[in-house]
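Structure, as structure tokens:
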Amino acid sequence: MDNEAAFDKFKSCTVEVLQVKPEQVTPDARFADDLDADSLDLVELVMALEEAFDITVDESELEGVETVEQAFSLISSKL
Amino acid sequence: MLTGWGPSGPDGGTPGRRVAVTGLGVVSNAGIGPERFWEGLCRPPEADERERRVSGFDASAWFGPKELRRVDRSTQFAVAAAEMALADAGEVDPDPARAGVVMGTGVGGLSTLEAQIEILHDQGPRRVSPFLIPMMMANRGAAAISMRLGWRGPCETTVTACAAGTHGIANAARLVATGRCQAVIGGGAEAAITPIGMAGFTNMTALSSSGISRPFDRDRDGFVLGEGAGALVLEDWDRAVSRGARIYAELAGAASTADAHDIVAPSPGGAGAAACMELALADAGLPAVAVSHINAHGTSTPLNDAAEAEAITKVFGTPGPPVTSIKGVTGHSLGAAGAVEAVAAVLTIVRRQIPPTAGLVNLDPEIHLDVVSGSPREWVPGPLVSNSFGFGGHNGSLVLLPPDQ
């Protein structure tokens, strides 16, 4: 899967779980401030991403993840 | 309504502040909103509705798309009924620290729990929703209402099975009567028509095998499962008058007793139910003879209706005041039922009519009550009693008065 296809998949999970518009899911968007996502929302998003990409993300890996870019790099590193 | 008892019981107790009913909200298969609900109560239900589901309920009127996925159907009902009631009450505008919410429910978010247990089995624990707990917990409905309104007084949930809606309203009213709160939303909500709920009630032989809800009928064979929510805005009477509120009724008395007998069967002769009605009347300072109408629990189960009838006869004599059960239309909405029926009782005051007991064709010869059936009956103004009884031996009764009495 190329990077663009992976980001599209990442974006569609984010849109579905956080009920935001696709154009809001930009690399510098912050989950809390820009996407109105609290900690439980992020847990649900990670679940959806694990499912979509067939990967496992440990809770400890999410520490410090605040932006879409950070989250996407974490996912990409596992592909 | 009393806020303290005398040395020998409610007689000589301390009268509390008067409690006004100023807003009504209801979500029911009979109709959403008091107008349509009332029309539904006065119209016989379609035959063969084994489940009395609420249709035409659009939760997106109350919740955004993201929020909607994170609240169980029971909470959606609770919020809808509460906000409907509040809008109906006009400018209540209480001090938020003295505004409360007390809701009743039997089980809380059962459909959410059931769906997540399936996910646990099929996909493992890592796929169980992080929203499971806040969606399924029984207190979510009340919590959602208080959060949305910013009401910061007592926010509690009463869990007494099928008596919860009545107890929720009673507990809410007491908060007004003591002066702790200026306004409280009291009610109940339930959405438990799910495969596991149906299987459980079916196997305990509580559900009607014929699929017909026919309270007090000689051929009644169990209840038909329903769902929904009811809510009342209860306000300090003097405050309601001074803000020019439209007062539908006075909540003049309430009581709660336990059978302490059996987990599902009522106590012999309906003793617990009779004690509850007597206590509610004492709370209101009224004699049984004054009562003009009883909105019965009347589930259509053989045991409940017989015990309730016996209890009513014991307290009110034969034939006693006209009795109705709206469960012929609504089925049994469990923890919502008492609240939905309290809305019906208040509407009887407003409309001056008693809705008929749908489904009743042949009154059980063992039941010596004047049960309203066929078509609505004109109501002779006076105090009303609304009853609820729940598995666990919980009994609840409310006493409502027309506002001009």
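Structural remarks
- Residue, least open to solvent (accessible area, probe 1.4 Å), within region B:284-305, restricted to residues that are closer than 15 Å to B:ASN395 by Cα and assigned to a helix (DSSP H, G or I): B:ASP305
- Cross-chain or 6+ apart pairs with Cβ under 7 Å, region B:337-366 first and without any contact (Cβ under 8 Å) to a residue 40 or more places away in the chain, then open to solvent by less than 10 Å² (accessible area, probe 1.4 Å): B:ARG352/B:TRP379
- Scanning region A:9-31 for residues that are touching a Ser or Thr at 6+ places or on another chain (Cβ under 8 Å), among the hydrophobic types (A, V, I, L, M, F, W, C) and closer than 16 Å to A:SER76 by Cβ yields a total of 1.
- Filtered residues of region A:2-18 (kept if within 22 Å of B:ARG127 (Cβ to Cβ) and either open to solvent by 40 Å² or more (accessible area, probe 1.4 Å) or touching a residue at least 12 places away in the same chain (Cβ under 8 Å) (or both)): A:ALA6, A:LYS9, A:PHE10, A:LYS11, A:SER12, A:CYS13, A:THR14, A:GLU16, A:VAL17, A:LEU18
- Which numbered condition B:HIS368 fails, given (1) within 17 Å of B:PRO44 (Cβ to Cβ); (2) open to solvent by 10 Å² or more (accessible area, probe 1.4 Å): (1)
- Residue that is nearest to B:THR299 (Cα to Cα) [pool: residues in region B:124-165 that are among the small types (Gly, Ala, Ser) and within 14 Å of chain A (Cβ to nearest Cβ)]: B:SER129
- Within this structure, B:PRO268 passes the test of being at pLDDT below 95 and either open to solvent by 30 Å² or more (accessible area, probe 1.4 Å) or within 21 Å of B:THR357 (Cβ to Cβ) (or both).
- Listing of helices (runs of 4 or more DSSP H) fully contained in region B:79-168 that carry 3 or more residues being free of Cβ contacts under 8 Å to residues at least 24 places away in the same chain: B:110-123
- Test: residue in region B:68-76 that is over 24 Å from B:GLU341 (Cβ atoms) and assigned to a strand (DSSP E or B): no
- Cβ-Cβ under 8 Å pairs, at least 6 apart or on other chains, region A:50-79 side within 12 Å of chain B (Cβ to nearest Cβ) and of a type in the set (S, T, N, Q), far side surrounded by 12 or more Cβ atoms within 10 Å (Cβ to Cβ) and not in a loop (DSSP other than H, G, I, E, B): A:THR56/A:GLU50
- Top-ranked residue of region B:36-58 - restricted to ones that are outside any loop (DSSP other than H, G, I, E, B) and without any contact (Cβ under 8 Å) to a residue 12 or more places away in the chain, ranked as farthest from the other protein chains (Cβ to nearest Cβ): B:GLU39
- Residue count for region B:210-235, restricted to those that are surrounded by 24 or more Cβ atoms within 10 Å (Cβ to Cβ) and in a strand (DSSP E or B): 11
- Some residue of region A:19-31 being closer than 24 Å to B:GLN123 by Cβ, within 12 Å of chain B (Cβ to nearest Cβ) and open to solvent by less than 40 Å² (accessible area, probe 1.4 Å): no
- Hey, B:ALA82 within 17 Å of the chain's Cα centre (by Cα), away from chain A (no Cβ under 14 Å) and either more than 14 Å from B:ALA144 (Cα to Cα) or buried (at least 18 other Cβ atoms within 10 Å of the Cβ) (or both) or not: yes
Residue-wise test of (1) surrounded by fewer than 22 Cβ atoms within 10 Å (Cβ to Cβ); (2) within 14 Å of another protein chain (Cβ to nearest Cβ); (3) out of contact with any strand residue (DSSP E or B) (no Cβ under 9 Å at 6 or more places or on another chain).
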| site | (1), (2), (3) |
| --- | --- |
| B:GLY4 | yes, no, no |
| B:VAL26 | no, no, no |
| B:PRO34 | no, no, no |
| B:SER60 | yes, yes, yes |
| B:ARG70 | yes, yes, yes |
| B:GLY100 | no, no, no |
| B:GLY106 | no, no, no |
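The values are calculated or read from the model by the stated rules, or taken from the named source; none is laboratory data. Owing to the predicted nature of the structure, the values given are computational and were not obtained by experimental measurement. For neighbour counting, all protein chains shown are included, and Cβ atoms are generated from backbone atoms with ideal geometry for every residue, glycine included. Accessible surface areas use protein heavy atoms only, side chains included; no ligands, DNA or RNA. Shrake-Rupley method; radii C 1.70, N 1.55, O 1.52, S 1.80 Å.
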